[in-house]
Amino acid sequence: LQGLPVLFKHWLKNEEVEEGRTAVLFCELTKPNAHVEWRKGDTVLQTSDKYEIRQEGTRVELVIYDAEAQDA
């Protein structure tokens, strides 16, 4: 499996959350611990007070704290 490309087993889907709440987006990959970049447009998101990026095995999550309309 080492030479095979990483594919999505579970695609990212749209989530709705009330403003001010926490949103969690996730996807699942075919290979554990693959490098993943979360982007908003051309901007690569980094862990901060606003965003938390978690990765455990094949599951990758983006947590958005205090969600606002501009996070859409």
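The values are calculated or read from the model by the stated rules, or taken from the named source; none is laboratory data. Model, not experiment: these values are computed from the prediction. No Cβ is skipped: glycine too gets one built from the backbone with ideal geometry, and neighbour counts run over all protein chains shown. In case anyone asks, the SASA skips ligands and DNA or RNA and just uses the protein heavy atoms, side chains included. Shrake-Rupley method; radii C 1.70, N 1.55, O 1.52, S 1.80 Å.
For E37 paired with R54, estimate the spin-label separation in nm (one decimal), with each label point 7 Å from Cα along the Cα-to-Cβ line.
For E37 paired with R54, the spin-label model returns 2.4 nm.
Accessible area of the range 8-71 with a 1.4 Å probe: how many percent of it is carbon plus sulfur?
In the range 8-71, the share of accessible area belonging to carbon and sulfur is 45 percent.
Skip the ligands, DNA and RNA, and give the accessible area per residue of the range 8-71 with a 1.4 Å probe, whole Å².
Per-residue accessible area for the range 8-71 comes out at 75 Å².
With the dipole of the range 8-71 worked out from charges on the C-beta (+1 for Lys and Arg, -1 for Asp and Glu) around the Cα centre, which of V36, L25, Q46 lies farthest toward the positive end?
It is V36, whose Cα lies furthest towards the positive end.
Quick check: Cα centre of the range 4-25 to Cα centre of the range 46-67, how many Å?
When both Cα centres are located, 10 Å separates them.
Taking the Cα centre of the chain as the origin, how large is its charge dipole in debye, to the nearest 20, when only Lys and Arg (+1) and Asp and Glu (-1) carry charge on their Cβ atoms?
480
Let's test the formula: R0 of 30 Å, r as the Cβ-Cβ distance of E28 and Q70. What FRET efficiency results, to the nearest 0.05?
Rounded to the nearest 0.05, the efficiency is 0.65.
Select from the range 1-67 those chymotrypsin sites (Phe, Trp or Tyr not before Pro) which occupy a DSSP coil region and have at most 11 other Cβ atoms within 10 Å, ordered by residue number.
Within the range 1-67, the qualifying chymotrypsin sites (Phe, Trp or Tyr not before Pro) (loop, at most 11 other Cβ atoms within 10 Å) are W11.
When N is the residue count of the chain, what does its C-alpha Rg come to as a fraction of 2.2 N^0.38 Å?
After normalising by residue count via 2.2 N^0.38 Å, the value is 1.18.
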